[in-house]
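Notes follow once the structure below has been shown.
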Amino acid sequence: TSYYERYHPLEDIYHWINKTSREYSERLQVILIGSSVEKQPLFVLKLSGKGHQPKKAIWMDCGIHAREWISPAFCMWFVQYSVMFYNQHSDITEILDKMDIYVLPVMNPDGYKYSWIENRMWRKNRSRNVDNACVGTDLNRNFDANWCTKGSSDNPCDETYCGRFPESEPEAAAVSNFIRSRKDLVKLYLSIHSYSQMLIFPYSCSYQEVPNHQELYEIAREAAMKIKIHYKNNYKFGAGAKSFYLAPGGSDDWAYNLGIDYSFTFELQDNGRYGFLLPPSHISKACSEALTAVKSIALSVIKKR
Ligand code: 0X9
Ligand code: ZN
């Protein structure tokens, strides 16, 4: 099996970022956007094709939740595919010639590391709480979108703890600040999670329908259809709160409210048989089908402009 068909500990991912960016320096640039609670660097890889800068951009993050190991594996898979097949496959060539892609392979490095060493089922980051022994904030409840309302918790001991205030966590603040600083360029926001095989779009923070609901629905439907055709796998799709559950403070809703009209959260494989413990033998198919959906959505967004 190849490097990309295995899961990798945090140190290896940092090493991979370094190696890949040097090997493909023409296509890849590393940007340090901040650091975690435990001072691990948050590196973003900027992928670009030919043509003049600055371009419109796509943002993609992986590893918000520590135990969702298929997510960082997908970001790595995606970067490798992009640099490998740029100028060979027409779809990724077109995408990279029209848009830059910012990829954050691990938004929650402390939690990811903890899930390798101490507790495989860890979800949150590793921030300490004042006068409470419980550790960690759910980074996907810490963004400024109906923050800490129903569907999240103000108890530091809960898995969906929202943190002390919106963007209280350095990981969420780094991502928010970086995207805010490029908000007129970023047209598509993608956040990769697992599991349950869904393509989710705003809102998750309320039952309200977004103005371009129909457009997002069609884009997601087409992506899910391509997964079905090519990989015979079923992905559901829909607005988060209505088709999944109410979950405020998420990065996708925050990005949408910032003005990024195309915002999606992916829940990759599987459907619950292995759940977060997806065996390495499933990485290839899980990533291939997700890649199909990313390309489909990116090309849909490019066509709109
Ligand atoms: O609850 C979440 O944060 C995500 N599901 S997961 O099982 N990976 O934890 C869903 C996120 C959907 N979007 C928002 N809640 N904004
Ligand atoms: Zn998640």
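In this structure, does SER204 turn out to be within 16 Å of ligand 2 (Cβ to nearest atom) and either open to solvent by 10 Å² or more (accessible area, probe 1.4 Å) or in contact (Cβ under 8 Å) with a residue 40 or more places away in the chain (or both)?
Yes, satisfied.
Test of understanding: among ALA298, ALA247, which residue is farther than 30 Å from THR149 by Cβ and either touching a Pro at 6+ places or on another chain (Cβ under 6 Å) or buried (at least 24 other Cβ atoms within 10 Å of the Cβ) (or both)?
On the way: ALA247 fails: farther than 30 Å from THR149 by Cβ.
The match here is ALA298.
Of these, ILE70, ILE101, ILE117, which one is within 25 Å of LYS303 (Cα to Cα) and at pLDDT 95 or above?
From the options ILE70, ILE101, ILE117, the qualifying one is ILE101.
Is there a residue being small (Gly, Ala, Ser), within 17 Å of the chain's Cα centre (by Cα) and surrounded by 22 or more Cβ atoms within 10 Å (Cβ to Cβ) anywhere in the range 152-166?
Checked the range 152-166: no residue is small (Gly, Ala, Ser), within 17 Å of the chain's Cα centre (by Cα) and surrounded by 22 or more Cβ atoms within 10 Å (Cβ to Cβ).
Would the range 235-242 turn up any residue that is over 30 Å from TYR161 (Cβ atoms) and part of a loop (DSSP other than H, G, I, E, B)?
Within the range 235-242, not a single residue is over 30 Å from TYR161 (Cβ atoms) and part of a loop (DSSP other than H, G, I, E, B).
Which of the residues spanning the range 246-292 are hydroxyl-bearing (Ser, Thr, Tyr) and under 20 Å from GLN214 (Cα atoms)? Break it down into steps so the answer makes sense when it comes.
In the first step, residues of the range 246-292 are kept if they are hydroxyl-bearing (Ser, Thr, Tyr); the result is 251, 256, 262-263, 265, 274, 281, 284, 288, 292.
Hits for the range 246-292 are TYR256, TYR262, SER263, THR265.
Whether any residue in the range 177-184 is within 14 Å of ligand 1 (Cβ to nearest atom) and either part of a strand (DSSP E or B) or without any contact (Cβ under 8 Å) to a residue 40 or more places away in the chain (or both) is what I want to check.
no
Only one of (1) open to solvent by less than 40 Å² (accessible area, probe 1.4 Å); (2) assigned to a loop (DSSP other than H, G, I, E, B) is not met by ILE227, so which one is it?
The number of the failed condition is (2).
Looking at VAL186, VAL175, which is the one that is within 16 Å of ligand 2 (Cβ to nearest atom), under 19 Å from the mean Cα position of the chain (by Cα), crowded, with 21+ Cβ neighbours inside 10 Å and among the aliphatic types (A, V, I, L, M)?
Numbers: VAL186 fails: within 16 Å of ligand 2 (Cβ to nearest atom).
After applying the criteria, what remains is VAL175.
Just checking, which of SER191, SER196 is assigned to a strand (DSSP E or B), of a type in the set (S, T, N, Q) and either in contact (Cβ under 8 Å) with a residue 40 or more places away in the chain or within 16 Å of ligand 1 (Cβ to nearest atom) (or both)?
Values: SER196 fails: assigned to a strand (DSSP E or B).
On inspection, the qualifying residue turns out to be SER191.
Could you tell me whether LEU45 is within 22 Å of LEU277 (Cβ to Cβ), open to solvent by less than 10 Å² (accessible area, probe 1.4 Å) and away from ligand 2 (no atom under 16 Å from the Cβ)?
No, not satisfied.
If I filter the range 131-149 for residues that are in contact with a Ser or Thr (Cβ under 8 Å, 6 or more places away or on another chain) and away from ligand 1 (no atom under 16 Å from the Cβ), do I get at least one hit?
Yes, the range 131-149 contains at least one residue that is in contact with a Ser or Thr (Cβ under 8 Å, 6 or more places away or on another chain) and away from ligand 1 (no atom under 16 Å from the Cβ).
Against the definition (more than 18 Å from SER204 (Cα to Cα) and surrounded by fewer than 22 Cβ atoms within 10 Å (Cβ to Cβ)), how does ASP270 come out, yes or no?
On the way: more than 18 Å from SER204 (Cα to Cα): yes; surrounded by fewer than 22 Cβ atoms within 10 Å (Cβ to Cβ): yes.
Yes.
Would you check which residues across the range 104-114 are in contact with a helix residue (DSSP H, G or I) (Cβ under 6 Å, 6 or more places away or on another chain) and either surrounded by fewer than 24 Cβ atoms within 10 Å (Cβ to Cβ) or at pLDDT below 95 (or both) and list them?
Residue satisfying the conditions is LYS113 alone.
The values are calculated or read from the model by the stated rules, or taken from the named source; none is laboratory data. Worth saying up front: this structure is predicted, and the values here are computed from it rather than measured. Positions of Cβ are generated from backbone atoms using ideal geometry, with glycine treated the same way; all protein chains shown enter the neighbour counts. For the accessible areas, the whole protein counts, side chains as well, though only heavy atoms, and no ligand, DNA or RNA atoms are used. Shrake-Rupley method; radii C 1.70, N 1.55, O 1.52, S 1.80 Å.
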